[in-house]
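Scroll down for the structure; my scribbles are underneath it.
The values are calculated or read from the model by the stated rules, or taken from the named source; none is laboratory data. What you see is a predicted model, and the numbers here were worked out from it, not measured in a lab. Please note: Cβ atoms are built from the backbone with ideal geometry, for glycine as well, and neighbour counts cover all protein chains shown. Just so you know, the surface numbers come from the protein's heavy atoms only, side chains and all, with ligands and any DNA or RNA stripped out. Shrake-Rupley method; radii C 1.70, N 1.55, O 1.52, S 1.80 Å.
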Amino acid sequence: MSRSLVLPRDQDNVALAVDGKEVRLTNLRKIFWPELGLTKGDLIQYYADVSAVLLPHIHDRAMVMKRYPHGAAGEFFFMKRAPSPRPPWIEICAIDHGSKGVIDFPMIQDRAALLWVINLGCIDLNPWYARCDETDRPDFLHFDLDPVEGAGFDRVRETALVVRDALTKLDMPSYAKTTGSKGIHVYVPIERGPVQKEVWELAKALAFTLAERHPDLITAEYTIAKRPRGHVLVDYNQNAWGRTLASIYSVRPRPRASASAPVTWTELERGVEIDDFRLDNLPERVARLGDLWAPVLAAKDRVSLDRFVGGKGRRPRP
């Protein structure tokens, strides 16, 4: 694949001109995946390679930073406040957290900001579900499908298809991506209107309905110790205010540097695995197929939740 931006492989530190902005990158030859020989520079190069398809999905959203200063196997820490000093071109999303005060989150609005955030040691990206102009009104409803101990990825794929079929019966187009870790994310693009709690309540109702109808496969039990072995958790709680999931195209701190990849429902039916999509091969797939999640961004395909929320809604029964 051709690259519009190429990082040097023989330097530790470099100042790059990225779309008219100077980005200082550091420790590029630091090993982030020892067994794979992949460096921090390889990680930043990956994000530069997929930036054209990634940026529209995270634009105008507060970003929670999960920093791995010592690589994928090292300790990490979460950081919400944009560090200071920082480049003047980093845009801020200020969100009131009540007693915790106003938190100034960074936003990733362009390639320069993307590379700056990844250079902080962020392996994956964790954006808010709502855009910055209305941080309590998300434009996604989603489910995080997570295998309980004893369940393989085949069970996760099966669950994803059950979720898809249920959403289809409710006239909710849905889109899937591997998490890059152990599961699958299923997203429904929605019209902004309901507040985050209302979206959470709807997701909870759907999850428990599915668990009732598929008791041998699905659980909605949030207490880890109570989850039945071999089942798949349909996690609705990530729809709560302030929670985040790893974004589309995020690399994950996993042994094979797997990444969160958009997949078609046909691919899930045929069978894919988490490690099919990695830092070293996902850019080529994107170059070949484009952004499979482009429809997620289209305003015309967003679903109204008015029939389910706002006090006059009914419990969804797919």
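Yes/no per residue for (1) among the hydrophobic types (A, V, I, L, M, F, W, C); (2) touching a residue at least 24 places away in the same chain (Cβ under 8 Å); (3) under 17 Å from PRO253 (Cβ atoms):
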position: ARG111; (1), (2), (3): no, yes, no
position: ASN119; (1), (2), (3): no, yes, yes
position: PRO127; (1), (2), (3): no, yes, no
position: LEU141; (1), (2), (3): yes, yes, no
position: VAL156; (1), (2), (3): yes, yes, no
Only residues in region 34-58 that are modelled with pLDDT under 95 count as the first member; pair them with residues that are open to solvent by less than 30 Å² (accessible area, probe 1.4 Å), Cβ under 9 angstrom, at least 6 apart or cross-chain, and list the lot. none
Please specify each residue of region 87-111 satisfying the condition of being in a loop (DSSP other than H, G, I, E, B), open to solvent by 80 Å² or more (accessible area, probe 1.4 Å) and either at pLDDT below 95 or touching a helix residue (DSSP H, G or I) at 6+ places or on another chain (Cβ under 8 Å) (or both). GLU91
Looking at region 182-190, can you tell me whether even one residue there is open to solvent by 10 Å² or more (accessible area, probe 1.4 Å) and either more than 22 Å from LEU292 (Cα to Cα) or of a type in the set (S, T, N, Q) (or both)? no
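Among what's in region 157-172 and is within 30 Å of ASP306 (Cβ to Cβ) and of a type in the set (D, E, K, R), pick the residue that is surrounded by the fewest Cβ atoms within 10 Å (Cβ to Cβ).
So, considering only residues that are within 30 Å of ASP306 (Cβ to Cβ) and of a type in the set (D, E, K, R), the one surrounded by the fewest Cβ atoms within 10 Å (Cβ to Cβ) is ASP171.
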Region 1-36: number of residues that are in a loop (DSSP other than H, G, I, E, B), of a type in the set (A, V, I, L, M, F, W, C) and open to solvent by less than 90 Å² (accessible area, probe 1.4 Å): 4
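Residues in region 280-305 that are in a helix (DSSP H, G or I) and not charged (D, E, K, R): how many?
10
Any residue at all in region 248-257 that is in contact (Cβ under 8 Å) with a residue 24 or more places away in the chain, outside any helix (DSSP H, G or I), closer than 27 Å to SER4 by Cα and open to solvent by 60 Å² or more (accessible area, probe 1.4 Å)?
Looking through region 248-257, at least one residue is in contact (Cβ under 8 Å) with a residue 24 or more places away in the chain, outside any helix (DSSP H, G or I), closer than 27 Å to SER4 by Cα and open to solvent by 60 Å² or more (accessible area, probe 1.4 Å).
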Determine, yes or no, whether SER84 is assigned to a helix (DSSP H, G or I) and either of a type in the set (Ser, Thr, Tyr) or exposed (fewer than 15 other Cβ atoms within 10 Å of the Cβ) (or both). no
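Residues checked against (1) within 22 Å of the chain's Cα centre (by Cα); (2) not in a helix (DSSP H, G or I):
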position	(1), (2)
ALA160	yes, no
VAL163	yes, no
TYR187	yes, yes
GLU201	yes, no
LYS204	yes, no
TYR222	yes, yes
PRO228	no, yes
VAL234	yes, yes
Taking the options ASP301, ASP306, name whichever one is open to solvent by 70 Å² or more (accessible area, probe 1.4 Å), among the acidic types (Asp, Glu) and modelled with pLDDT under 95. ASP306
What is the residue count in region 196-244 for residues that are within 30 Å of MET63 (Cα to Cα), out of contact with any Ser or Thr (no Cβ under 8 Å at 6 or more places or on another chain), aliphatic (A, V, I, L, M) and in contact (Cβ under 8 Å) with a residue 24 or more places away in the chain? 7
Hey, can you tell me all the residues within region 144-156 that are open to solvent by 40 Å² or more (accessible area, probe 1.4 Å) and under 20 Å from THR209 (Cβ atoms)? ASP146, ARG155
Across region 133-155, what is the total count of residues that are within 17 Å of the chain's Cα centre (by Cα) and outside any loop (DSSP other than H, G, I, E, B)? 7
